[in-house]
């Protein structure tokens, strides 16, 4: 989650009539917005066999929410040390796997009353001759309070403050066509021992024609293959991805290794039809004993 905040001054100032708004923008990659609306499902799935889909937006709050729907493009990307982020792009998208130009949403703008809901319907009209595989877009849902009272100055003419929050979430939309192949490979890995942990970095490459959606598990083992610690995370590999994992040493000082596994099984946060079964990858990485 990326949060940017512009904070209003803590004290009022003498002035003529005026007001100050503080803008808070929250970008989330999940379907829940802490102070806005709730969105389900968290992945919109369409295909050549079903070119329509729906999304439900709920307003659990006590004030009406003005909601707008837009489309963007963005895949998970990693930096040189394995931190993952998604940068949204809404213009000049040249990726041949982008679906944002041929997907439509109805309605695109609405006001949802307190405890109310709205169904958004999606329709795709893909171009002819698409290659088999998966095509992607991001559904960007923005919400803000629909009814906002303009602050009034006090009798002395001082400026009052109003906090206006705009909440935004971007969920994945996938269009699938033809024969689908989910295949991933680990192209490089390293495990380095620090004072109290082992830091593992893995380079992964998608070699299929759909996103590889699965679970990454790392197990730290001693020389007798006894488990010292483990960590696990959900992930999606669209092109190339580097991930960084930390495993506690739990006081072990002898040599050890890391067992790495990748599988499309075990995702409890997604419906079964959202995950294309793929290959399983197992790898063992010897731990570099040098401290860094």
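The values are calculated or read from the model by the stated rules, or taken from the named source; none is laboratory data. The structure displayed is predicted, hence computed values, not measured ones. So basically every Cβ, Gly included, is an ideal-geometry build from the backbone, and we count neighbours across all protein chains shown.
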_residue 269 outside any strand (DSSP E or B) and either assigned by TED's automatic domain parsing to the domain that holds residue 86 or within 30 Å of residue 176 (Cβ to Cβ) (or both)_ = yes
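Let's see how each residue does on (1) modelled with pLDDT of 80 or more; (2) crowded, with 18+ Cβ neighbours inside 10 Å; (3) touching a helix residue (DSSP H, G or I) at 6+ places or on another chain (Cβ under 7 Å):
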| position | (1), (2), (3) |
| --- | --- |
| 134 | yes, yes, no |
| 151 | no, no, no |
| 168 | yes, yes, no |
| 174 | yes, yes, no |
| 183 | yes, no, no |
*Where residues in segment 269-292 are at pLDDT below 95 and closer than 19 Å to residue 174 by Cβ, which of them is surrounded by the fewest Cβ atoms within 10 Å (Cβ to Cβ)?*
272
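Residue-wise test of (1) within 14 Å of residue 281 (Cα to Cα); (2) under 18 Å from the mean Cα position of the chain (by Cα); (3) touching a residue at least 40 places away in the same chain (Cβ under 8 Å).
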position	(1), (2), (3)
189	yes, no, yes
196	no, no, yes
200	no, no, yes
203	yes, no, no
214	yes, yes, yes
231	no, no, no
241	no, yes, yes
255	no, no, no
_Looking at segment 105-123, I want the residues that are closer than 13 Å to residue 53 by Cα and assigned by TED's automatic domain parsing to the domain that holds residue 171 and have a partner that is modelled with pLDDT under 95 and crowded, with 16+ Cβ neighbours inside 10 Å with Cβ atoms under 8 Å, at least 6 apart or on another chain. Which pairs are those?_
none
*Could you please give the count of residues in segment 231-261 that are within 12 Å of residue 182 (Cα to Cα) and either touching a helix residue (DSSP H, G or I) at 6+ places or on another chain (Cβ under 6 Å) or assigned to a strand (DSSP E or B) (or both)?*
2
*Could you please find all residues in segment 48-93 being over 12 Å from residue 143 (Cβ atoms) and more than 21 Å from the chain's Cα centre (by Cα)?*
48, 49, 50, 51, 52, 62, 92
_Which residue is surrounded by the most Cβ atoms within 10 Å (Cβ to Cβ), if the candidates are limited to segment 216-228 and must be touching a strand residue (DSSP E or B) at 6+ places or on another chain (Cβ under 6 Å) and under 25 Å from residue 279 (Cα atoms)?_
220
*Lone qualifier among 114, 126 - being touching a strand residue (DSSP E or B) at 6+ places or on another chain (Cβ under 9 Å), part of a loop (DSSP other than H, G, I, E, B) and closer than 22 Å to residue 167 by Cα*: 114
_Residues of segment 49-67 that turn out to be outside any strand (DSSP E or B) and in contact (Cβ under 8 Å) with a residue 24 or more places away in the chain, as a count_ = 7
